[in-house]
There are 2 protein chains.
Amino acid sequence: MEWEVIPGGVTAPRGFRAAGVYAGLKKANRDKKDLALIVSDTLASAAAVYTTNKVQAAPLKITREHLASGRARAIVANSGNANACTGEQGLKDARRMAEVTAEILGIKPQEVVVASTGVIGVPLPMDKIEAGIRKAAQELSPTGSRAAAEAILTTDLRVKEIAVRFHFKGSPVVIGGIAKGSGMIHPHMATMLAFLTTDAVLSPEQLKKALVSAVDNTFNLITVDGDTSTNDMVVVLANGLSGVGPTSEEEYRIFAAALEYVCRYLARLIARDGEGASRLIEVEVRGAATLTDARKIARAIAGSNLVKSAVFGADANWGRILCAAGYAGAELDPGRVDIFIESAAGCEQLASKGEPACFDEAKASAILSAEEVKIIVDLNLGQATAVAYGCDLTYDYVKINASYRT
Amino acid sequence: MEWEVIPGGVTAPRGFRAAGVYAGLKKANRDKKDLALIVSDTLASAAAVYTTNKVQAAPLKITREHLASGRARAIVANSGNANACTGEQGLKDARRMAEVTAEILGIKPQEVVVASTGVIGVPLPMDKIEAGIRKAAQELSPTGSRAAAEAILTTDLRVKEIAVRFHFKGSPVVIGGIAKGSGMIHPHMATMLAFLTTDAVLSPEQLKKALVSAVDNTFNLITVDGDTSTNDMVVVLANGLSGVGPTSEEEYRIFAAALEYVCRYLARLIARDGEGASRLIEVEVRGAATLTDARKIARAIAGSNLVKSAVFGADANWGRILCAAGYAGAELDPGRVDIFIESAAGCEQLASKGEPACFDEAKASAILSAEEVKIIVDLNLGQATAVAYGCDLTYDYVKINASYRT
């Protein structure tokens, strides 16, 4: 790789400070931070990708307005309340979050990105939010990434944070990121947020292009339960304080690859941390006719309840994998499909040319019992490949999602 | 209704005989029939609808060839082995099933419909199949529908059988049907088969038209786990022995409606009988801009793991319902959506114009605790409506699908 992983998350790039505080949105529990603030010392190029769900939460609408300029300086995000399905009041509250943040930081409301995740259909307790923002502003620190990463979590079990460093013309450039998952799984909880920062010099257009392609290859290929939330948002800020940025195709390629690496790292953590999940399932589709086909099939397999249940049970049920590929709506010749499974425990071919390969059940089961399982499907049709990430379907998934109020 | 429900299933219409026998395909258990035969005394108009899965089992391919003529006299079906992903041998075996059946019945192999359901990737034990077909031929009876209905079951808990009678110009016309489910849920098991018979006089074209529209409104709107199998098939035979058939638009409408009723009855049984299911979920979408939109949204809601889990937990989690509608890929204005739940325990509005309605949690939970739960979503956009059928997601689903081999 042309970059090295370093600590520091979103505050690893120059000129970014962050904080995470307890504002009182989550059930009275002072250990649970629920309001995050990320601030750039200077106005940054900004780009974002939003949920494709037709039902979109108020903060997304406001952020969309604000990022029309392609510039931003701050991100304010709360967990515990999604501010979704809250009508006019919700829009007012999201605007107010930006205004309060801007006022305290002495910037324009239009320079503030607003994000929320949590309960749907309940108005934001604005008094708590405002107090939380003031508190967070006081605690802003160049080492505040971890606190911010904690503050955006909902049902996640693990903090999701990373940073990478590489060089342009001898000058170091850093990209950092934090994210929360973990599937629209816990009652009323929305799915995923990711906030990325970099000190590279990029135009809003360059940044948007790199973000869209990185997200398509990573976050858009995670599936925990197939449900797409109302609050999904990935935002990147580039404040240019490294003094250098991609000035050639080659440098742009390096930046884009590093950004994708950061997104993939966070995406894998989200899939691995899927509610109730005991295993990460990585589905690699090879030899597809087109990239779209490869993605469709990878997503269908990673999203199949039957495949997910089989992996939970360490059952090498390749018929389900082939079937999921069959209904993905992509070009497929069953008679050419090879299926393999792979993990720390080894590798085994389950099917050859669409028919059973003779494999060792015990070994296959051992492979599927690992914490991270890879399913490889070669369509033998073309050159396109794609990787999707998912998790197994467990009793806990049903338990968490069924017995919330009971 | 313009028809009455009568006993007799597929042998209720004149000139149909059926049998179900134990051929030894299922684990040594003589109580479990596994080979069915349905025969018409005369050559019948025939129509069929097949799985959309790109991976199609051998019997589907052979049946497709045979029904090119639009005529058939017999249906031979086995459970316990899907004859899928079995390559050239599978095609040979499916052809052989038709040949043996034809030989015994003294008809042409092209007049035989072949269907299989069960384990994927294992060759058919043809000796057992052939002996089974001979045995079934000897047991053919005008009251054999029930035995045939039992013989096509796999993981189903209940036999699925019905017949209806109505009149054309004073002469009785009967439509009968049997089906098996119950979701591609049990390891290696394929999904659904439905065999329909009628003594009405119809051309293959009329029959195909009526079948396609009935299936689109019923079987194509069931979702148990979102997985589409390699062996799905719905076949209808019309032998004309009632002497009457639809001769006017009005009479065709009556026939089509009765056929759809039979399909809906069987489709509901399949959803209700979904593996591990404790409840039938009926999702009615109203006020959609187009029929396609209505179907997409109904299917998305009925198929959402979050909605299915919430119903299992009797949790009136309307946010999940609205979210599923939001990602269905159909026209939707969240600000107009009304959501209701209904069951034997009553009715309650959960959301109004996309925002929370004040409802009684306890009552809502009671409504969702019924055996059959209806979710009504009014988009308030247009006139189109659709109903999808599904079931809740339970611990048993995961258990059955995870611990098959372990």
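The values are calculated or read from the model by the stated rules, or taken from the named source; none is laboratory data. Fair warning: this is a prediction, and the values are worked out from it, not measured in the lab. Heads up, the Cβs are rebuilt from the backbone with ideal geometry, glycines too, and the neighbour counts pull from every protein chain shown. Heads up: the accessible areas ignore ligands, DNA and RNA and are worked out on the full protein's heavy atoms, side chains in. Shrake-Rupley method; radii C 1.70, N 1.55, O 1.52, S 1.80 Å.
Counting only trypsin sites (Lys or Arg not before Pro) that DSSP places in a loop and that have at most 12 other Cβ atoms within 10 Å, the longest clean stretch of chain B runs over B:170-406. Sparsely packed loop sites in segment A:317-402 (the GluC sites (Glu not before Pro) outside DSSP H, G, I, E and B with at most 16 other Cβ atoms within 10 Å) comprise A:GLU331, A:GLU371.
Mean residue ellipticity at 222 nm, helices only, the protein assembly as shown: -10000 deg cm²/dmol; runs of at least 4 DSSP H residues each add -39,500 (n - 2.57), and the sum is divided by the number of residues. Taken per residue, the accessible surface of segment A:270-406 reaches 32 Å², heavy atoms only and a 1.4 Å probe.
Counting only alpha carbon atoms, the long axis of helix A:126-139 and the longest principal axis of chain A meet at about 90°. In this structure, the pairs whose alpha-carbon distance is over 20 Å, taken from A:LYS32/A:LYS108; B:LYS27/B:LYS128; A:LYS209/A:LYS296; A:LYS308/B:LYS399; A:LYS399/B:LYS399; B:LYS296/B:LYS374, are A:LYS32/A:LYS108; A:LYS209/A:LYS296.
Mean separation of Cα pairs under 8 Å and 6 or more residues apart, divided by the residue count, gives chain B a relative contact order of 18 percent. Chains B and A together bury roughly 4400 Å² of accessible surface, counting both sides and using a 1.4 Å probe on protein heavy atoms. Shown for B:ASP396: label points 7 Å from Cα along the beta-carbon vector, and their distances to the equivalent points in the other copies, 2.5 nm in ascending order. Across the identical copies, the label point of A:GLN89 (7 Å from Cα in the Cβ direction) is separated from its matches by 6.7 nm, in order from shortest. The modelled label-to-label distance between B:MET126 and A:SER69, using points 7 Å beyond Cα along the C-beta direction, is 7.7 nm.
Among the residues of segment B:28-75, those with an accessible-area drop of 30 Å² or more from chain alone to full protein complex, heavy atoms and 1.4 Å probe, are B:ASN53, B:LYS54, B:VAL55.
Going by alpha carbons, how many degrees (0 to 90, nearest 10) lie between the helix axis of A:87-105 and the longest principal axis of chain A? For A:87-105 against chain A, the angle is about 60 degrees.
Rounded to the nearest whole angstrom, the semi-axes of the ellipsoid equivalent to chain B, taken from the Cα gyration tensor as √(5λ), stand at 37, 25, 17, largest first. Taking the inverse of the mean reciprocal distance over all distinct Cα pairs, the Kirkwood hydrodynamic radius of segment A:306-379 comes to 12.2 Å.
Think of a 1.4 Å ball rolled over the protein heavy atoms: segment B:4-268 then has 33 Å² of accessible area per residue.
Rounded to the nearest 0.05, the FRET efficiency derived from the C-beta distance between B:GLU250 and B:VAL212 at R0 = 25 Å is 0.80.
Using a 1.4 Å probe over the heavy atoms of the protein chains, calculate the carbon and sulfur portion of the accessible area of segment A:4-268 as a whole percent. Of all accessible area on segment A:4-268, carbon and sulfur atoms account for 53 percent. With the simple spin-label model, which puts each label point 7 Å out from Cα in the Cβ direction, the B:ARG336 to A:THR290 separation comes to 3.2 nm.
The portion of the accessible surface of segment A:280-402 made up by carbon and sulfur, rounded to a whole percent, is 49 (1.4 Å probe; DNA, RNA and ligands excluded).
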